[in-house]
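The values are calculated or read from the model by the stated rules, or taken from the named source; none is laboratory data. Bear in mind the structure is a predicted one, so any value in this text is a computation, not a measurement. Note: ideal-geometry Cβ built from the backbone for every residue, glycine included; neighbour counts use all protein chains shown.
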Amino acid sequence: MTHNPLHQGLPAAVDALVASIRSEQHIQHLNRVYLPSRDVVIQIIKDLRQLMFPGYFGPQGLTDANVTYRIGDLLTELSQRMVEQVQLSLCYGDQICADDAPGSRTAQCQQRAQEVVAAFIDRLPAVRAMLAADAQAAFDGDPAAQSTDETIFCYPGVLAIMVQRLAHELHKLAVPLMPRIMTEYAHSLTGIDIHPGAQLGRSFFIDHGTGVVIGETTIIGANVKVYQGVTLGALAPHFGQMLRGQKRHPTIEDNVTLYAGATILGGETIIGRGAVIGGNVFITSSVPPQTQVSMEAPRLRYRERRGRTTPAEFVMDFSI
């Protein structure tokens, strides 16, 4: 009788993996409180998107006559989901809960979750007003846009900003983990990485967006426009956890434009009001208001392609 070599090797593989799990405790989550569900948090984002932009997402056919009922239903479903996930997040971050049995809930975490969700829901109208200004800024700032409907439906920047603004409210309410799940989900969809701790001003527009990085302690003023590949980052990242809680990322004042590929670093760096930062610049010190910063123009070299014949059908030739 022959034995399957795969099956013969499984017990040894199991033993080796379990030994690794027990020895590397910083990358395992055993005998601890339950974590929030990433899938449920994503559903919460989708519910919130319907609340922020009613009629654009979710069921069609909303009217002035039935929108109140739809918003009521959505808020009821949303609040139930949020209380559960906020409670899990709070228990995860609370040492008292962390010492209890997996799946347990303390009365303190339950009460705090309800208070947090109530405060978050109270903030939704103000967040929606900010998002209305963001959608308008996207339309006003892009001649390719045909309407604000297009910016809401199609623009990755509007989606990333919406998720971040909502996650930022939870961040301010000291909810752990869940805000980061939200912004990293938006990052995975859009290529735009905005930390939930960043402070975004009114009428913020990210054009194209791929590769934009906005760090935790960034402060951005009103009417700021950012193009793809911009990094608002920190200096000396090798200090790691020693810098937690410090202002590490730049401040961008009102009416600033940051063109593609610009890198601006440092918590003390301030880009003054009305400045224009050109593409691919690298900045680690402050820029005065109403200043234009650009790279020195590169020199292009042209030479005649002597001795070469052009075939009847044009062929691109990159040889030297």
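Here are the numbers for this structure:
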quantity: All positions within region 268-290 that are surrounded by 16 or more Cβ atoms within 10 Å (Cβ to Cβ) and at positive phi; calculated: G274
quantity: Counted residues, region 175-199 - those being in a loop (DSSP other than H, G, I, E, B) and in contact (Cβ under 8 Å) with a residue 60 or more places away in the chain; calculated: 3
quantity: Residue in region 73-91 that is assigned by TED's automatic domain parsing to the domain that holds R123, free of Cβ contacts under 8 Å to residues at least 24 places away in the same chain, in contact with a helix residue (DSSP H, G or I) (Cβ under 6 Å, 6 or more places away or on another chain) and surrounded by 10 or more Cβ atoms within 10 Å (Cβ to Cβ) present; calculated: no
quantity: Matching entry among A138, A145 (being out of contact with any strand residue (DSSP E or B) (no Cβ under 8 Å at 6 or more places or on another chain) and in the same structural domain as P54 (by TED's automatic domain parsing)); calculated: A145
quantity: Answer residue from region 43-72, given it is loosely packed, with under 15 Cβ neighbours inside 10 Å and touching a Phe, Trp or Tyr at 6+ places or on another chain (Cβ under 9 Å) and is modelled with the lowest pLDDT among those; calculated: Y56
quantity: So D15, is it modelled with pLDDT of 95 or more, charged (D, E, K, R) and surrounded by 10 or more Cβ atoms within 10 Å (Cβ to Cβ); calculated: no
quantity: Identity of the residue in region 209-257, among the small types (G, A, S) and touching a Lys or Arg at 6+ places or on another chain (Cβ under 6 Å), that ends up surrounded by the most Cβ atoms within 10 Å (Cβ to Cβ); calculated: A234
quantity: Of all residues in region 18-38 being surrounded by 10 or more Cβ atoms within 10 Å (Cβ to Cβ) and β-branched (V, I, T), the one that is nearest to T106 (Cα to Cα); calculated: V33
quantity: Residue in region 203-223 that is more than 17 Å from the chain's Cα centre (by Cα) and either under 29 Å from D39 (Cα atoms) or basic (K, R) (or both) present; calculated: no
quantity: Those residues of region 140-158 which are surrounded by fewer than 20 Cβ atoms within 10 Å (Cβ to Cβ) and part of a helix (DSSP H, G or I), in sequence order; calculated: D140, G141, T148, D149, E150, F153, C154, P156
quantity: Residue count, region 163-172 (criterion: surrounded by 17 or more Cβ atoms within 10 Å (Cβ to Cβ) and farther than 16 Å from V224 by Cβ); calculated: 6
quantity: Selection status of K225, closer than 27 Å to A132 by Cβ, of a type outside the set (G, A, S) and in the same structural domain as T284 (by TED's automatic domain parsing); calculated: yes
quantity: Matching entry among Q108, Q114 (being modelled with pLDDT under 95, farther than 30 Å from A222 by Cβ, part of a helix (DSSP H, G or I) and not β-branched (V, I, T)); calculated: Q108
